Amino acid sequence: MISTRLVSSVQAVLATGSGIVIIRSCSDVITDRHWLARQYVWFLIPYMIYDSYAMYLCEWYRTRDQNHRHSLTTFRNFLSKNRLMIAHHAVILFVLVPVAQRLRGDLGDFFVGCIFMAELSTPFVSLGRVLIQLKQQHTLLYKVNGILTLTTFLSCRILLFPFMYWSYGRQQGLGLLQVPFSIPFYCNVANAFLIAPQVYWFSLLCKKASRLFDTPLAKKDG
């Protein structure tokens, strides 16, 4: 589990760094190019495959006391418990990768960089899960990491989308609220599909954080 989280964190740092480089190099959000926008995707593909397999192995290790062998039941349980994350990986591999590499042509490297920036929250999410595994949920480090997780997740996975709309609008001389009506409809639909699971996961993080910070107050009142 810890080694898997470490690999995820390294990939997230590389993706975030690539995103920063791409964004800073593209003054024109539509036509400016940077080689990392295409080349980093080739690194992302094997990582997504690895991460999906690692998630399955983690599920198998959790249930190996009952079943030491890989089985269809274990695989079904894995699919059931992780269906949203698996769908997320599948969309990246079978939709976003073709769009990033071929379908968008030579346009939009800036927005590819923005999507890479979404990985900024991953190291904090990974550290939180490692601390849970080590039973360090009540330490100051865990609480500080929780705040950083919420902050980076909100900034780079949710507010990222209004930022992309704002960046396009600024270049085109449009207000933020005008942008959705001036771009192709499928762009709005694609962004809606991308942001929907992020909002759901953020709501889960908020619920988890509220339980964490409510616990000391409850003990004090008791």
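The values are calculated or read from the model by the stated rules, or taken from the named source; none is laboratory data. Since we're looking at a predicted model, the values are computed, not measured. Ideal geometry is used to build each Cβ from the backbone, glycine not excepted, and the neighbour counts take in all protein chains shown. Ligands, DNA and RNA are stripped out before the accessible areas are found, and what is left, the full protein with its side chains, is counted by its heavy atoms. Shrake-Rupley method; radii C 1.70, N 1.55, O 1.52, S 1.80 Å.
Once segment 150-173 is narrowed to residues that are among the aromatic types (Phe, Trp, Tyr) and out of contact with any Pro (no Cβ under 8 Å at 6 or more places or on another chain), the residue that is nearest to residue 196 (Cα to Cα) is 161.
Results for (1) aliphatic (A, V, I, L, M); (2) exposed (fewer than 14 other Cβ atoms within 10 Å of the Cβ); (3) over 29 Å from residue 39 (Cβ atoms); (4) touching a Gly at 6+ places or on another chain (Cβ under 8 Å), shown as yes or no for each residue.
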site	(1), (2), (3), (4)
87	yes, yes, no, no
92	yes, no, no, no
108	no, no, no, no
116	no, no, no, yes
119	no, no, no, yes
131	yes, no, yes, no
157	no, no, no, no
166	no, no, no, no
178	no, yes, yes, yes
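Please indicate, with yes or no, whether at least one residue in segment 122-129 is closer than 16 Å to residue 194 by Cα and within 20 Å of the chain's Cα centre (by Cα). No, segment 122-129 contains no residue that is closer than 16 Å to residue 194 by Cα and within 20 Å of the chain's Cα centre (by Cα).
Residue 78 passes every criterion in (1) under 17 Å from residue 126 (Cα atoms); (2) out of contact with any Cys (no Cβ under 8 Å at 6 or more places or on another chain) apart from (1).
The residue list 125, 99 contains one member that is of a type outside the set (Phe, Trp, Tyr) and crowded, with 17+ Cβ neighbours inside 10 Å, which is 125. Figure legend. Inter-residue proximity from segment 104-122: first residues over 17 Å from residue 24 (Cβ atoms) and in a helix (DSSP H, G or I), second residues among the small types (Gly, Ala, Ser) and open to solvent by less than 10 Å² (accessible area, probe 1.4 Å), beta-carbon distance below 7 Å, spacing 6+ or different chains. Indicated pairs: 122/8; 122/12.
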